[in-house]
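Colleague: Got a structure here, written out as structure tokens. Questions coming.
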Amino acid sequence: MRPLTKPLPRDFYARPTIEVARDLLGCHLCHRLPDGELLVARITETEAYDGPSDSACHGAKGRTARTDVLFGPPGHAYIYLIYGMYELFNVVTDRDNYPAGVLIRGIEPVLGEARMCQLRPVPRRNLCNGPGKLTRAMNIDRRYHGLDLTTGDTLWLSEGASDENYRIESGPRIGIDYADEIHRLAPWRFWLAPPPN
DNA sequence: CCGGCGATGGTCT
DNA sequence: GACCATCGCCGGC
């Protein structure tokens, strides 16, 4: 069965960020490598960062050169370097001039797994189960910062195969100890969990 | 399996 | 000069 690779339209991203974060679970992240190989992965974990009043959101501290894209129109890539080593991939959501986005925290290979293992040679269960790991496995970095994700050209997202067996769970976001308690505890992290079965 | 800790560089004060 | 939306290593159980 071929993975679905038609890019999600702008309207998908131009909605409240928490809705987008939930709906991105099960969607596909697609990257056409420079040599033509296509990498596709299923999104399994996300986090919502919603607006200037969310003290965990980069946009809460004001618009700077670094966060400019986050304030821009939805459907673009917001990618930044953290801890001097790791590139984190986000999609910009909601409306223009409102800083909000969804961090992609976990994926599973769908197509091009051998290439991903080459890009990140570690045991398979550690391949892409973290925001800094998956960018390495998918060869995504800041050269795509600000890129329009709706064109389906080199980097985009698409509807995944429907999978009603998996449940959506939620909990607090990770690594935001600096935020106010109300935002530290907000259940704005979402992940796909196997059926209780 | 789990917790502590250091690496490392761009951004902002 | 501090901070940081992480990760892998190391040691202890």
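Readers should treat all values here as calculations from the given coordinates under stated rules, not as data from a laboratory. Given the structure is predicted, the values throughout are model-derived calculations rather than measurements. Positions of Cβ are generated from backbone atoms using ideal geometry, with glycine treated the same way; all protein chains shown enter the neighbour counts.
Colleague: Of everything in segment A:67-118 that's away from DNA strand B (no atom under 16 Å from the Cβ) and part of a helix (DSSP H, G or I), which residue is surrounded by the most Cβ atoms within 10 Å (Cβ to Cβ)?
Modeller: Restricting to residues being away from DNA strand B (no atom under 16 Å from the Cβ) and part of a helix (DSSP H, G or I), the top hit is A:MET116.
Colleague: Another one. Can you name the residue in segment A:30-49 that is in contact with a helix residue (DSSP H, G or I) (Cβ under 8 Å, 6 or more places away or on another chain) and within 27 Å of A:PRO194 (Cα to Cα) and, of all such residues, is farthest from DNA strand C (Cβ to nearest atom)?
Modeller: Ranking the candidates gives A:LEU39 first.
Colleague: Here is a further query. Mind listing whichever residues of segment A:7-31 are more than 21 Å from A:VAL69 (Cβ to Cβ) and more than 12 Å from the chain's Cα centre (by Cα)?
Modeller: Result: no residue meets the conditions.
Here is a yes/no grid of residues against (1) surrounded by 14 or more Cβ atoms within 10 Å (Cβ to Cβ); (2) farther than 18 Å from A:PRO9 by Cβ; (3) touching a residue at least 24 places away in the same chain (Cβ under 8 Å):
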{"site": "A:LEU147", "(1), (2), (3)": "yes, no, yes"}
{"site": "A:ASP153", "(1), (2), (3)": "no, no, yes"}
{"site": "A:TRP156", "(1), (2), (3)": "yes, no, yes"}
{"site": "A:GLY160", "(1), (2), (3)": "yes, no, yes"}
{"site": "A:ASP163", "(1), (2), (3)": "no, yes, yes"}
{"site": "A:ILE176", "(1), (2), (3)": "yes, yes, yes"}
{"site": "A:LEU185", "(1), (2), (3)": "no, yes, no"}
{"site": "A:TRP188", "(1), (2), (3)": "yes, yes, yes"}
{"site": "A:ALA193", "(1), (2), (3)": "no, yes, yes"}
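Colleague: In addition: Count, please, the residues in segment A:152-180 that happen to be away from DNA strand B (no atom under 16 Å from the Cβ) and either touching a Leu at 6+ places or on another chain (Cβ under 7 Å) or in a strand (DSSP E or B) (or both).
Modeller: Residues that pass the stated criteria total 12.
Colleague: Further, regarding this structure: Within segment A:67-78, can you find the residues that are more than 10 Å from DNA strand C (Cβ to nearest atom) and either under 21 Å from A:GLY152 (Cα atoms) or of a type outside the set (A, V, I, L, M, F, W, C) (or both)?
Modeller: A:ASP68, A:VAL69, A:GLY72, A:PRO73, A:PRO74, A:GLY75, A:HIS76, A:ALA77
Colleague: Look through segment A:79-126, keep the residues that are under 25 Å from A:GLU169 (Cα atoms) and of a type in the set (D, E, K, R), and return whichever of them is farthest from DNA strand C (Cβ to nearest atom).
Modeller: Going through the qualifying residues, I end up with A:GLU108.
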